[in-house]
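**Student:** Starting off with a structure, shown below.
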Amino acid sequence: MAKIVVIGGTGLIGSKVVAKLTEHGHEAVAASPNTGVNTLTGEGLAEVLVDPDTVVDVSNSPSFAPDDVMEFFTTSTRNLLAAETAAGVTKHVALTIVGTDRPQNIAYFAAKAAQEELIRGSGIDYTLVHATQFFEFVGSIADISTEGDTVTLPGALIQPIAAEDVATAVARAAVSEAQGDVEIAGPEAFGMDEFARRALEFRGDPRMVVRDDSAPYYGAQIEERTLIPVEGAQIFETTLEQWLPLNPPRG
């Protein structure tokens, strides 16, 4: 069985990845600032990377401001890859986003694309798991798009996926041969406005969702198909209707 260090291993996806790997008999080590490992400063990296077969990076920037998010993903990835090289790590798995290779002007996507290029050029075998938007973020997408009692979102297509399924895909990648770039998605594609509308209606949220294709997504304009996978993606089965009853809104 493998020893796998999971960077971001105490977060939404990372904790699920650690649990899945442990359940299947692997030694999964959760690494995060909470456990004394900080990829941005390099603190704790040498200590945690002791004879791992694989490093999984599902960490995320604490700030989504354009300069902050670029700094986080480039600096932390450089630090991590350098530590992996010194430790003799043979495989790197990172969670990233569907759409980073398509024309768009989303600062977060640009930072993830920069991270991907660093990994591709590292000389370490890698799998980049490109995921579509998570069901778990439907509430925050609606909130940042709300003015008064109206949620305004574009009709650009989205094919969201459950965090549980993302974690399954990442855990599988961690124990498989390196695959380069792969895409994963949920089973249904629909407009972003419909995504929010269905979730809010189910939850009894009185806000009205309005479609406006000029409305921004995280501050940027997106094309109709920027956020959905290409042919050949791994499609998981959990639907929005299955996910909603099990995931009430937070607080």
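The values are calculated or read from the model by the stated rules, or taken from the named source; none is laboratory data. Because the structure is predicted, anything quoted here is derived from the model rather than measured. For neighbour counting, all protein chains shown are included, and Cβ atoms are generated from backbone atoms with ideal geometry for every residue, glycine included. Just so you know, the surface numbers come from the protein's heavy atoms only, side chains and all, with ligands and any DNA or RNA stripped out. Shrake-Rupley method; radii C 1.70, N 1.55, O 1.52, S 1.80 Å.
**Student:** Would you please give the FRET efficiency between E47 and L12, computed as 1/(1 + (r/R0)^6) with r the Cβ-Cβ distance and R0 = 30 Å, to the nearest 0.05? Please list the in-between numbers first.
**Tutor:** Working: r = 25 Å, r/R0 = 0.82.
FRET efficiency, E47 to L12: 0.75.
**Student:** Sticking with this one: Under 8 Å for C-alpha pairs, at least 6 residues apart: give me the relative contact order for the chain, rounded to a whole percent. Intermediate results must be reported in sequence, preceding the final value.
**Tutor:** Values: 503 pairs, mean separation 48.1, N = 251.
Relative contact order for the chain comes out at 19 percent.
**Student:** So, one more: Using a simple spin-label model with points 7 Å from Cα along the Cα→Cβ vector, what separation in nm is obtained for R250 and T74?
**Tutor:** 2.9 nm
**Student:** Order D143, D165, D212, D101 by their accessible area, 1.4 angstrom probe, all chains in place, largest first. Don't skip to the answer; put the middle values down first.
**Tutor:** Details: D143 90, D165 25, D212 60, D101 115 Å².
Accessible-area ranking of D143, D165, D212, D101, largest first: D101, D143, D212, D165.
**Student:** Can you send over the carbon and sulfur percentage of the accessible area for the chain, probe radius 1.4 Å, protein chains only? Display every interim value, and only then the final one.
**Tutor:** Working: 5870 of 11570 Å².
Accessible surface attributable to carbon and sulfur in the chain totals 51 percent.
**Student:** Extension gain K3-M208, at 0.36 nm per residue separation less the Cα-Cα distance, in nm? The partial results should precede the final answer.
**Tutor:** Numbers: separation 205, 0.36 × 205 = 73.80 nm, distance 4.86 nm.
Result for the pair: 68.9 nm of gain on full extension.
**Student:** Follow-up question, since we're still on this one. Which order do the peptides 195-201, 38-44 come out in when sorted by mean C-beta neighbours inside 10 angstrom, highest first? Write down the numbers at each step before the final one.
**Tutor:** On the way: 195-201: 20.3, 38-44: 16.6.
The most tightly packed comes first, giving 195-201, 38-44.
**Student:** Right, another one. For the residue pair D181 and F64, what label-to-label distance in nm results when each label sits 7 Å from Cα along the Cα-to-beta-carbon direction?
**Tutor:** Result for the modelled spin labels: 2.3 nm.
**Student:** Let me ask another. Please identify the helices of the chain, taking whole runs of DSSP H, that span at least 15 Å along their own axis as judged from the Cα atoms and have a mean Kyte-Doolittle score of 0.5 or higher. Intermediate values should be presented prior to the final figure.
**Tutor:** Working: long enough: 12-23 (17 Å, 0.76); 66-87 (31 Å, -0.03); 107-120 (20 Å, -0.01); 163-174 (16 Å, 0.58); 192-202 (16 Å, -0.42).
Long hydrophobic helices here: 12-23, 163-174.
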